Amino acid sequence: MANVSLQHIEKIYDGGVQAVWDFNIDINDGEFIVLVGPSGCGKSTTLRMVAGLEDITSGKLIIDGKDCTRVPPKDRDIAMVFQNYALYGHMTIYENMAFSLTLRKENKEIIHRKVMAAAEILDLKTQLNKKPKQLSGGQRQRVAMGRAIVRNPKVFLFDEPLSNLDAKLRGSMRREIMLLHKKLNATMMYVTHDQTEALTLADRIVCMSMGHVQQIGKPIELYEHPANTFVATFIGLPPMNMFEGKIEGNKFVNELFTYTLNDEHTRMLKDYDGKEVILGVRPENMTREGNIPFTVTNNENLGMNTLVHGKIADKKIVVCKFAEWSTYKFGDKIKLGFNEEKMNFFDKETTLAIL
Ligand code: ADP
């Protein structure tokens, strides 16, 4: 197992596209890091640079104390699991898992021990004599992980490993990956565009947009204290409600409503008096104790709670999440407020959180 340090890592592809800008992180031994962001933001490029599948244009990559910036992939002691796990169809599951060790001409007994240990961890012991096509999608993905585990690498890299699976299977595989991380206690980097996977799997999340790291932190930090409006709206589903407006003394004012700020917020925002800000409030932090007029358009019962969609002042679309099974109908009127503990303010010009 190992620490991994990415220092000022950048990637410019041939042709001049800069995919990654000044990426910095120190990953601790045994830490689970999830890179998340929309398609094209540079997640895979970053992971592939760690794997050695892409050259690093500039910056430094340190794995377990060793400078690996220019070290070939095979000497980095890293295993990568992809979305397209491409098992060898003519080989048994056992042979698939043993493949990299066989290639290395590893001793047969050692191979056997490692394959059986991985099969035990992944609950594949009864499947070892089968061919890949006899297995379910989830089992095949586990075999792909088994191939990585037998190599006992310093670092595991996962590139969207679950995106080929259906929603239900994704959920159960996500839990398996969590358990796998606990059992192996290995350093892992995991790429996904799915914010749910990021929130549930990560020790720390790296949220990216357009090649730039937006925020690095624990899931709860990104959820409760997003560093900017991008993270605020990317993390969390349904996304945070965002209201543009102006600070006027102790009031947040816009064309839809006027909201009286508490003393703490007024103090925090005193440099913004007369200036434009963005107020962000998550759907579950919308309350029914306030004076903001809201008209219901849709009521979505999810069993454990209800998403109520609607409009403020017939203009701004807002989503509220209420804890109970509610039965609002189109056209119902509610007076909304905000949970004061959970209001986020952003500088409109820079999009950065105001702290
Ligand atoms: P993500 O994994 O977040 O979807 P990628 O790392 O795959 O994003 O891509 C980041 C950017 O780099 C995109 O603009 C993409 O088009 C570009 N890119 C990726 N691979 C190459 C390549 N081989 N040559 C040129 N540009 C590339």
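Descriptive notes on the structure:
- Residue that is farthest from residue 256 (Cα to Cα) [pool: residues in the range 298-313 that are touching a Phe, Trp or Tyr at 6+ places or on another chain (Cβ under 6 Å) and surrounded by 17 or more Cβ atoms within 10 Å (Cβ to Cβ)]: 306
- The lone exception for residue 225 - which of (1) out of contact with any strand residue (DSSP E or B) (no Cβ under 9 Å at 6 or more places or on another chain); (2) over 22 Å from residue 83 (Cα atoms) it fails: (1)
- The residues in the range 23-32 that are of a type in the set (D, E, K, R) and either outside any strand (DSSP E or B) or surrounded by 14 or more Cβ atoms within 10 Å (Cβ to Cβ) (or both) can be counted, and the count is 2.
- Looking only at the range 34-64, and only at residues there that are more than 14 Å from the chain's Cα centre (by Cα) and either assigned to a strand (DSSP E or B) or away from the ligand (no atom under 16 Å from the Cβ) (or both), the one that is surrounded by the most Cβ atoms within 10 Å (Cβ to Cβ): 63
- Criterion violated by residue 68 - all others in (1) surrounded by fewer than 20 Cβ atoms within 10 Å (Cβ to Cβ); (2) touching a Leu at 6+ places or on another chain (Cβ under 8 Å); (3) not polar (S, T, N, Q) satisfied: (1)
- Test for residue 205: is it more than 21 Å from residue 319 (Cβ to Cβ), more than 17 Å from the chain's Cα centre (by Cα) and in a strand (DSSP E or B): no
- Looking only at the range 171-195, residues that are away from the ligand (no atom under 16 Å from the Cβ), in contact (Cβ under 8 Å) with a residue 24 or more places away in the chain and in contact with a helix residue (DSSP H, G or I) (Cβ under 9 Å, 6 or more places away or on another chain) come to 11 in all.
- Filter result for residue 211 (touching a His at 6+ places or on another chain (Cβ under 9 Å) and either of a type in the set (Gly, Ala, Ser) or within 16 Å of the ligand (Cβ to nearest atom) (or both)): no
- Residue match in the range 20-33 (condition: of a type outside the set (A, V, I, L, M), more than 9 Å from the ligand (Cβ to nearest atom) and free of Cβ contacts under 8 Å to residues at least 60 places away in the same chain): yes
- Residues being touching a residue at least 24 places away in the same chain (Cβ under 8 Å) and of a type in the set (Lys, Arg) - total across the range 202-238: 1
- Subset of the range 1-19 that is near the ligand (Cβ under 7 Å from one of its atoms) and either of a type outside the set (A, V, I, L, M) or in contact with a Pro (Cβ under 9 Å, 6 or more places away or on another chain) (or both) - its residue that is nearest to residue 60 (Cα to Cα): 13
Taken together, the values in this text are just the output of simple stated rules run on the coordinates, not laboratory data. Note that this is a predicted model, so its numbers are computed, not measured. FYI the Cβ positions are ideal-geometry reconstructions off the backbone, even for glycines, and counts take in every protein chain you see.
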